[in-house]
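Written below as structure tokens is the structure these notes are about.
The values are calculated or read from the model by the stated rules, or taken from the named source; none is laboratory data. Just so we're clear, the structure is a prediction, and the values are computed from it rather than from any experiment. Every residue, glycine among them, receives a Cβ derived from its backbone with ideal geometry; neighbour counts consider all protein chains shown.
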Amino acid sequence: MNQKPGIIILFLLLVHSFSSIAQPDERYNAAEIQQAIKKLNVLGSVLYIAAHPDDENTRLITYFTKDKLYNTGYLSLTRGDGGQNLIGSELNEQLGVIRTQELQEARRIDGGKQFFSRAKDFGFSKNPDETFMIWDREKVFADMVWVIRKFRPDVLITRFNTEPGKTHGHHTASAILAEEAFEAAGDPTKFPEQLKYVQVWQPKRLLWNTNWWFYGSEKDFNTQGLLKIDVGTFNPTLGQSYTEIAAASRSMHKSQGFGTSGTRGTAIEYLQHTKGSKPNSDIFEDIDVSWNRIQGGAKIGELLNKIYSGFNSTNPSASVAPLLEVRSLIKALPDSYWKEIKLQETEDVIKTCLGLWTEVIASDYSAVPGQEMKVNVELVNRSSIPVEIKKITFSVNKDSSLASTLKDNVPLAFSTKIKIPSEMPYSQPYWLVHRGSKGMFDVNDQQLIGKPENDPAIETTFDFVINGQSIRYTTPVVYKKADPAKGEQYRPLEIIPPLFVNLSERLLVFGDNSPKELDIRLKSGVDNISGKLMIEIPKSWKAEPAVQDFSIKGKGNEEGFKFKVFPSTEAMTGTLKVFAVSGKDTLQNGNINIRYDHIKPQLLLPESNAKIVKLELKTTGKNIGYLQGAGDDIPGSLSQIGYKVSVLKEDAITPSLLSSFDAVVIGIRAYNTREKLKYINPLLLNYVKNGGTLVVQYNTMPSRFGDGRMVTDSIGPYPFKLSNDRVTMEDAPVKFLIPGHPLLNTPNKITEKDFENWVQERGLYFPNDWSKEYQALLSCQDIGETPKDGGLLYARYGKGTYIYTSYSWFRQLPAGVPGAYRIFVNLLSSGNDGKKKKNGK
């Protein structure tokens, strides 16, 4: 392939920019070091392609990385923003940040590399046509081509095929784009602007990782002619089978409830040829993955074989001298992709064989632009081979010249100060810096596209001399503390604003003309900051006071402020903006800290805005009991409109407690996730029988994979069956099946207008069969589909009212959708007029 002048140098500088932010030096045992040496002799790569976090086949990825030792990547087109969250209440962008980090942790276990496109997971999509209506197809296509050109895989593998209708529209779209990108990546007329940084690249073949579940059952799955790979092999060096490692990787998808057990023994994966040359028995057939693929590389392969066979697990440093010889041979090769990859890998192995520890710890976990910060540097050479440190360079343009020899296991530790540049950007996930569209993140920097996360805020480069060779290693500046319960804990260094402006609510819903109090917490990122706190509000609204003075002395200190917000007299929706002015700075970012034990701490810096909604709303009853399911924000949404909401503890539920509520609501997927509902449900149904109102939100039906099981088959007082039916078009027309029913008229008259401006979807997992005791009140459907009538079922049971609803209230209420509030209030109020009008006439 012809190379344009200058391109190869730029390309080599970018090869490793996809790598994740490392914690301080990884710890490797002797078996892992020996495995890394063996990998130096393998020059092959695979890219697995699908749509979401958790779509990837960790069994195949683990097998390719740990057995075949290929460079293996996973391209997830989205970050999973539209999924549900089983471990907390974060949704949308916040959930996407969690799932991004879950993928990063999965890759650290299975050894793969992670990539993303700019596409958003906007929720379930039934077909690729709908998906491409919302995604910017050309941009997602360009992103896939970019990742292929940059990662340069020999083989592409898709999780899904291109046949619409069998799976999620995002899934099918990922396969369609993969087939197109397979050709386009090697075509210089496609996205020529990318060729400033990379070269065109043509993979050898494209395969589909098929399985019986695409065909409904194992008996319908014909494996004749498919490539078969046993990924269940046991690796004695690592002490585990690849399926055991893959299960640990898969179990990192905790927000989706994908924890799984490891398996042992034969495990067959199937691959169907899609494009490119067709292999007979091996996906790397006719692809040379040895050093012979590079001119002048044969000698390197021979030397690496000797190093591997002679590896001494009790003294890995004995391999350093021959590895340095390998490094010299690689450096002498002409510039190429594999030269740069293997040079980096060789240097990493040399470092691990030396037991060379490089760590730079910041005195605090955060800093503001312009601030000076103390950092502690520690270097340890845990081998008998002399290592000289010559220079330390920080990415904020501070150099320290040194001339010291690191002796065996004798730490070199010192402190220094660095200054954060005044123009340094804040530590906001790069894909959230600019507001995107419904289907796409707004990222215009070509070199950021594809990256799983931000680069470290500050990096430190160490220039060493090892056995006469100059080698440079880079490590991030991080923060470390000793937690009494968890031990040594690391977190990334964060660059933050000098002041956080945090709102108690990012949604204010007014059911009447009474004012609401908005609490604002100012948190200082520096010592001694003062200024004025202001609110900007639409003309027909009012905030008192309009301005307040603030002064905060110490970093990390907080001060609270209260404003009264008076709503418009008319029903309307608007935006309230809060900002602080300090000197020349206008500060308008809050902070959201996402903390879970299985991922690194994450900081988000949303603008300090609140959606404000004035409703035409009538309510009856005040006391609501709410039993949480998989996690949602509906209790807070109901509190906004004046309800007193008690979040119920399973063990505290008694008939007496239930009788104190005007209505009881069951959260989303509660019958999938709350084991004790098996025993509590009779109490709930008895509550209805005695005159109560019970509103049950959607649950999932068991799938053929075994997930989504129900803790009881008897959810309601009368039988009904769940399905996979859903209506994904949030603006799908809604038909009133019983227009005169009290649920649609009391206390609020529901009209078609109440279904305007919904978000993401209408509903999901609608019942498709129910007994005659239920009344179906609403019907809607996606384009070209049959009506879905089971989204709102109403039944009288004894003296009370039972409602099962699959409409997505858990998305609509926190999003401030006016009509959703009006309808949900009617559900809660249904025990009143519903007792008088049993037939809805």
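Yes/no matrix, rows are residues, columns are (1) farther than 30 Å from Pro334 by Cα; (2) touching a His at 6+ places or on another chain (Cβ under 8 Å):
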| position | (1), (2) |
| --- | --- |
| Leu207 | yes, yes |
| Thr223 | yes, no |
| His253 | yes, no |
| Thr263 | yes, no |
| Glu269 | yes, no |
| Gly276 | no, no |
| Phe284 | no, no |
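Out of the residues in the range 723-740 that are in contact with a Lys or Arg (Cβ under 8 Å, 6 or more places away or on another chain) and either assigned to a loop (DSSP other than H, G, I, E, B) or not aliphatic (A, V, I, L, M) (or both), state the one that is nearest to Ser830 (Cα to Cα).
Gly740
Where in the range 531-601 are there strands (runs of 3 or more DSSP E), lying fully within it, with 3 or more residues that are aliphatic (A, V, I, L, M)?
Output list reads 572-582.
Exactly one condition in (1) surrounded by fewer than 19 Cβ atoms within 10 Å (Cβ to Cβ); (2) touching a residue at least 24 places away in the same chain (Cβ under 8 Å); (3) under 23 Å from the mean Cα position of the chain (by Cα) is not met by Arg250; state its number.
Of everything listed in (1) surrounded by fewer than 19 Cβ atoms within 10 Å (Cβ to Cβ); (2) touching a residue at least 24 places away in the same chain (Cβ under 8 Å); (3) under 23 Å from the mean Cα position of the chain (by Cα), Arg250 misses just condition (1).
Tell me the residue from Glu130, Glu180 that is assigned to a helix (DSSP H, G or I), under 23 Å from the mean Cα position of the chain (by Cα) and not hydroxyl-bearing (Ser, Thr, Tyr), please.
Result: Glu130 is the single residue among Glu130, Glu180 that is assigned to a helix (DSSP H, G or I), under 23 Å from the mean Cα position of the chain (by Cα) and not hydroxyl-bearing (Ser, Thr, Tyr).
Please find, among Lys438, Lys480, Lys523, the residue that is surrounded by fewer than 17 Cβ atoms within 10 Å (Cβ to Cβ), in contact (Cβ under 8 Å) with a residue 60 or more places away in the chain and under 20 Å from Arg595 (Cα atoms).
Lys480
Count, please, the residues in the range 630-672 that happen to be part of a loop (DSSP other than H, G, I, E, B), touching a strand residue (DSSP E or B) at 6+ places or on another chain (Cβ under 9 Å), of a type in the set (Gly, Ala, Ser) and more than 16 Å from Val688 (Cβ to Cβ).
Number of matching residues: 1.
Return yes or no: is Ile634 buried (at least 17 other Cβ atoms within 10 Å of the Cβ) and over 30 Å from Ser568 (Cα atoms)?
Answer is no for this residue.
Against the definition (of a type in the set (D, E, K, R), modelled with pLDDT of 95 or more, surrounded by fewer than 17 Cβ atoms within 10 Å (Cβ to Cβ) and under 20 Å from Asp455 (Cα atoms)), how does Asp408 come out, yes or no?
When the stated conditions are applied, Asp408 does not pass them.
Can you give me the number of residues within the range 793-806 that are farther than 12 Å from Leu827 by Cα and either touching a Gly at 6+ places or on another chain (Cβ under 6 Å) or among the basic types (Lys, Arg) (or both)?
Here the count works out to 4.
For the range 147-177, how many residues meet the condition of being in a loop (DSSP other than H, G, I, E, B) and either hydrophobic (A, V, I, L, M, F, W, C) or out of contact with any strand residue (DSSP E or B) (no Cβ under 8 Å at 6 or more places or on another chain) (or both)?
Of the residues in the range 147-177, 8 are in a loop (DSSP other than H, G, I, E, B) and either hydrophobic (A, V, I, L, M, F, W, C) or out of contact with any strand residue (DSSP E or B) (no Cβ under 8 Å at 6 or more places or on another chain) (or both).
Exactly one condition in (1) of a type outside the set (Gly, Ala, Ser); (2) surrounded by fewer than 20 Cβ atoms within 10 Å (Cβ to Cβ); (3) out of contact with any Lys or Arg (no Cβ under 9 Å at 6 or more places or on another chain); (4) part of a helix (DSSP H, G or I) is false for Gln202; which is it?
Every condition holds for Gln202 apart from (4).
Can you tell me which of Ile361, Ile350, Ile418 is among the hydrophobic types (A, V, I, L, M, F, W, C) and closer than 17 Å to Gln469 by Cα?
Ile350
Let's see how each residue does on (1) assigned by TED's automatic domain parsing to the domain that holds Lys254; (2) more than 25 Å from Ile350 (Cα to Cα); (3) buried (at least 24 other Cβ atoms within 10 Å of the Cβ); (4) more than 10 Å from the chain's Cα centre (by Cα):
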site: Ala51; (1), (2), (3), (4): yes, yes, yes, yes
site: Glu56; (1), (2), (3), (4): yes, yes, yes, yes
site: Phe64; (1), (2), (3), (4): yes, no, yes, yes
site: Tyr74; (1), (2), (3), (4): yes, yes, yes, yes
site: Gly88; (1), (2), (3), (4): yes, yes, no, yes
site: Asn92; (1), (2), (3), (4): yes, yes, no, no
site: Gly96; (1), (2), (3), (4): yes, yes, yes, no
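Considering every residue within the range 654-666, establish whether at least one is touching a residue at least 60 places away in the same chain (Cβ under 8 Å), touching an Asp or Glu at 6+ places or on another chain (Cβ under 7 Å) and in the same structural domain as Phe766 (by TED's automatic domain parsing).
Checked the range 654-666: no residue is touching a residue at least 60 places away in the same chain (Cβ under 8 Å), touching an Asp or Glu at 6+ places or on another chain (Cβ under 7 Å) and in the same structural domain as Phe766 (by TED's automatic domain parsing).
Testing Gln224 on (1) out of contact with any strand residue (DSSP E or B) (no Cβ under 7 Å at 6 or more places or on another chain); (2) in a loop (DSSP other than H, G, I, E, B); (3) closer than 30 Å to Asp597 by Cα, one condition comes back false. Which one is that?
(3)
Just to be sure I understand, how many residues within the range 758-773 are surrounded by 22 or more Cβ atoms within 10 Å (Cβ to Cβ) and under 17 Å from Val696 (Cα atoms)?
5
Which numbered condition in (1) touching a Pro at 6+ places or on another chain (Cβ under 9 Å); (2) part of a strand (DSSP E or B); (3) of a type outside the set (S, T, N, Q) is the only one that Ala482 fails?
The single condition Ala482 does not satisfy is (1).
From the list Gly816, Gly790, pick out the single residue that is assigned to a loop (DSSP other than H, G, I, E, B), surrounded by 23 or more Cβ atoms within 10 Å (Cβ to Cβ) and touching a residue at least 40 places away in the same chain (Cβ under 8 Å).
When all the criteria are applied, what remains is Gly790.
Out of the residues in the range 253-287 that are surrounded by 19 or more Cβ atoms within 10 Å (Cβ to Cβ) and touching a helix residue (DSSP H, G or I) at 6+ places or on another chain (Cβ under 6 Å), state the one that is farthest from Asp230 (Cα to Cα).
For the range 253-287, the residue satisfying everything is Ser255.
For the range 539-567, name all the residues that are surrounded by 15 or more Cβ atoms within 10 Å (Cβ to Cβ) and either touching a Ser or Thr at 6+ places or on another chain (Cβ under 7 Å) or not assigned by TED's automatic domain parsing to the domain that holds Gly511 (or both).
Selection gives Trp541, Phe550, Ile552, Lys555.
Give me a count of the residues in the range 124-141 that are touching a residue at least 60 places away in the same chain (Cβ under 8 Å) and surrounded by 22 or more Cβ atoms within 10 Å (Cβ to Cβ).
3
Please state which of the following conditions Val443 fails to meet, knowing it meets all the rest: (1) modelled with pLDDT of 95 or more; (2) over 24 Å from the mean Cα position of the chain (by Cα).
All conditions are met except number (2).
Has the range 709-725 got any residue that is surrounded by fewer than 16 Cβ atoms within 10 Å (Cβ to Cβ), hydrophobic (A, V, I, L, M, F, W, C) and either at pLDDT below 95 or within 19 Å of Gln781 (Cβ to Cβ) (or both)?
There is no residue in the range 709-725 that is surrounded by fewer than 16 Cβ atoms within 10 Å (Cβ to Cβ), hydrophobic (A, V, I, L, M, F, W, C) and either at pLDDT below 95 or within 19 Å of Gln781 (Cβ to Cβ) (or both).
Just to be sure, is Val526 more than 30 Å from Asn748 (Cβ to Cβ), assigned to a strand (DSSP E or B) and out of contact with any helix residue (DSSP H, G or I) (no Cβ under 6 Å at 6 or more places or on another chain)?
no
Only one of Glu388, Glu378, Glu345 is surrounded by fewer than 19 Cβ atoms within 10 Å (Cβ to Cβ) and assigned to a helix (DSSP H, G or I). Can you tell me which?
Glu345
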